[in-house]
1. Do you know which residues across the stretch B:83-138 are within 14 Å of chain A (Cβ to nearest Cβ) and not in a helix (DSSP H, G or I)?
2. Checking the condition among the small types (Gly, Ala, Ser) and in a loop (DSSP other than H, G, I, E, B), which residue from B:161, B:165, B:208, B:234 passes?
3. Restricted to the stretch A:1-28, and to residues that are basic (Lys, Arg) and in contact with a Lys or Arg (Cβ under 9 Å, 6 or more places away or on another chain), which residue is surrounded by the most Cβ atoms within 10 Å (Cβ to Cβ)?
4. Is it true that residue A:121 is in contact with a Ser or Thr (Cβ under 9 Å, 6 or more places away or on another chain), within 29 Å of residue A:63 (Cβ to Cβ), in the same structural domain as residue A:70 (by TED's automatic domain parsing) and surrounded by 20 or more Cβ atoms within 10 Å (Cβ to Cβ)?
5. Run residue B:104 past the list (1) without any contact (Cβ under 8 Å) to a residue 12 or more places away in the chain; (2) open to solvent by 10 Å² or more (accessible area, probe 1.4 Å) and report the number of the one that doesn't hold.
6. Having 1 or more residues that are among the aromatic types (Phe, Trp, Tyr) and more than 14 Å from chain B (Cβ to nearest Cβ) is the bar; report the helices (runs of 4 or more DSSP H) wholly within the stretch A:22-112 that clear it.
7. Taking into account only those residues within the stretch A:113-126 that are outside any helix (DSSP H, G or I) and facing chain B (nearest Cβ under 8 Å), which is farthest from the chain's Cα centre (by Cα)?
8. Across the stretch A:287-297, what is the total count of residues that are modelled with pLDDT of 90 or more and exposed (fewer than 12 other Cβ atoms within 10 Å of the Cβ)?
Amino acid sequence: MAVIDVRNLSKSFRVSASDPGFRNALCHFWNRKYRQVDAVKPLSFSIEAGEIVGFLGPNGAGKTTTLKMLAGLIHPSGGEVGVAGHVPFKRQKAFLRKITLVMGNKQQLIWDLPANESFRINGAIYDIPDAELAARIAELAAMLSLDKQLSQPVRKLSLGERMKCELLASLLHRPEVLFLDEPTLGLDVNAQSAVRHFLREYNRKYNATILLTSHYMADITALCKRVLLIHQGSLFYDGALAGIVEKFAPYREVKLEFTETVDRMRVAPFGEVEESLDRSARVIVRREALTSTVEQMLAQLPVADLTITDPPIESIIAELFTQGTVNAPASATKP
Amino acid sequence: MLKKLRILTVTQHALMLAYRAEIYLWVLAHVMPFLMMGVWVTASRSGAGGAGGGGGMAFALTPVDYARYFVCVFIVRQFSTVWMIHEFEWHIVEGRLSYFLLRPMNPLWNYVTAHLGEQLARFPFFIMVLAFFFILYPQARWMPSASAILLGFFTIYVAFALRFALQYCFAMLTFWFERASAIEQLSFLPYVFLSGLLAPLADFPEPARRIAELTPFPYVLSFPAQILMGQITASSPQLYQGFAVIAAWFAGLCLVGQFLWRRGLRRYSGQGA
């Protein structure tokens with residue numbers, strides 16, 4: 001059964017718009033102009049219990065707005081949404097006890113007090129008995145490798161330690177559904193890895209459903225089997241992470257090693273030559289022509305060794321988003 | 001619920017103690033009643049109704065009573081000052097309200113306990129200021145009866161609730177205007193003039209006093225101060241009239257506040273978050 005069920009969910013904002021300059025500022029003061037921004041265009045998806053799903057898109061794609069709607073923070077402009085059997089924007093207490101939202105660029109911890117104080121507040125608000133609260137803090141702290149940091153003022157913690165404490169505070173009530181908005185933002189490689197490991201463990205231990213946004217592909221590849229790709233408010237891919245290669249990059253890279261020097265012109269007919277050295281070359285070949293092309297290569301070139309690889313998924317997604325527009329799969333591919 | 005409020009208040013108290021300088025300034029910023037006391041005590045000494053018994057204008061209280069009145073106003077202000085609109089405005093604009101909305105508890109309690117924690121943190125400094133005043137002006141020293149203290153502090157917290165409800169309604173306008181505190185400033189003038197901060201209501205012309213008594217402002221300052229002074233007691237009809245007006249205003253403000261909260265949440269965009 002789907003824990004998160006979204007049908008034609010959309011959100012539009014009215015934002016004031018003004019041009020720079022003194023005169024425009026005056027005009028804007030007297031005659032305010034607004035424009036409609038469709039932050040999220042109707043999108044639909046569902047997520048089963050225990051899934052970890054990556055939610056990817058460039059800045060301004062609508063990821064955070066979608067997460068806020070799922071967490072019940074903002075009202076949708078249209079569509080239907082159900083999370084853990086509740087309508088999020090009704091913000092029923094039973095719903096709020098089942099979910100959490102962690103925002104990498106915001107903090108819930110009290111800045112001037114030790115993190116333990118914030119945990120105590122959360123313990124009281126979520127009606128966690130004192131002994132149980134202590135046990136949960138100990139358990140999560142062990143999973144996150146936190147110890148003395150919990151009794152230091154939050155402002156004295158490093159960014160990585162702070163984020164771990166944020167996660168701890170957000171998970172004390174053992175939510176079933178986690179909305180994570182860039183939880184590894186700004187963390188160093190070790191801290192990122194620790195957070196990923198923790199999330200994997202939490203998911204395994206409590207069968208938690210996780211919807212995760214991140215600009216670090218390493219987070220996605222380490223945690224998510226399934227991804228949702230969103231661009232300009234529209235969902236354009238929902239499927240396996242591995243499927244992105246099939247859909248958006250229907251080509252393979254063929255690495256060739258030769259027994260003798262081979263001129264670039266001899267390799268060019270087989271595909272797009274990415275690199276050509278004296279005794280090696282890298283050629284991009286369309287997937288449907290791969291078998292026949294490799295046969296021809298082996299027959300016509302002095303091949304000593306041949307390796308076929310998928311293009312790195314990070315580069316495919318990065319290319320999709322940096323292009324600024326996402327086209328149909330066919331035009332999003334290489335030759 | 002009581003456990004939640006206790007832990008929230010204690011934590012807010014700890015947070016307030018992190019800003020010691022701010023607490024000193026807060027207490028000092030509330031010395032306005034002492035300034036007004038100086039003005040009224042001096043004036044009444046030369047007035048017809050004052051201790052001076054001169055031939056000037058009539059005053060409702062003796063100089064010592066003026067001193068006591070403004071001391072009571074100082075006490076009431078220490079426990080009934082409300083600043084939630086500034087915090088709420090910041091939380092909306094920065095998107096920090098999101099974290100309160102994610103909790104299974106009305107965010108209102110966060111603001112209430114922040115005020116209680118701050119009052120607790122300010123308490124020792126408030127006592128010091130009070131003691132310092134009575135050392136300087138021993139004539140004004142008096143010991144209210146136990147019933148006056150009990151009823152007075154109950155009324156102070158009723159006044160706090162009323163003032164909180166009033167500011168809460170203004171704060172909800174942040175969902176529409178973002179700088180709702182500027183709108184709330186509109187209530188500052190009537191508050192200053194009608195609450196009894198500048199002059200006891202007894203010195204108001206009768207029609208002005210009657211009008212003032214229909215607004216919520218006298219009940220957030222003058223009313224509890226008069227109870228602390230012992231001017232209004234449990235047997236005074238004014239006490240019940242006062243509570244009736246407070247109840248009417250409080251109920252109305254709660255309804256308006258709840259309506260604005262529900263409508264406002266639909267507009268919340270979690271800005272900055």
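1. B:95, B:96, B:102, B:103, B:104, B:105, B:106, B:107, listed by residue number.
2. The unique qualifying residue is B:234.
3. Selected residue: A:11.
4. yes
5. In the conditions (1) without any contact (Cβ under 8 Å) to a residue 12 or more places away in the chain; (2) open to solvent by 10 Å² or more (accessible area, probe 1.4 Å), residue B:104 misses (2) alone.
6. A:22-30
7. A:113
8. 3
The values are calculated or read from the model by the stated rules, or taken from the named source; none is laboratory data. Keep in mind the model is a prediction, meaning the values are calculated, not measured. Heads up, the Cβs are rebuilt from the backbone with ideal geometry, glycines too, and the neighbour counts pull from every protein chain shown. With ligands, DNA and RNA removed, areas are computed over all heavy atoms of the protein, side chains included. Shrake-Rupley method; radii C 1.70, N 1.55, O 1.52, S 1.80 Å.
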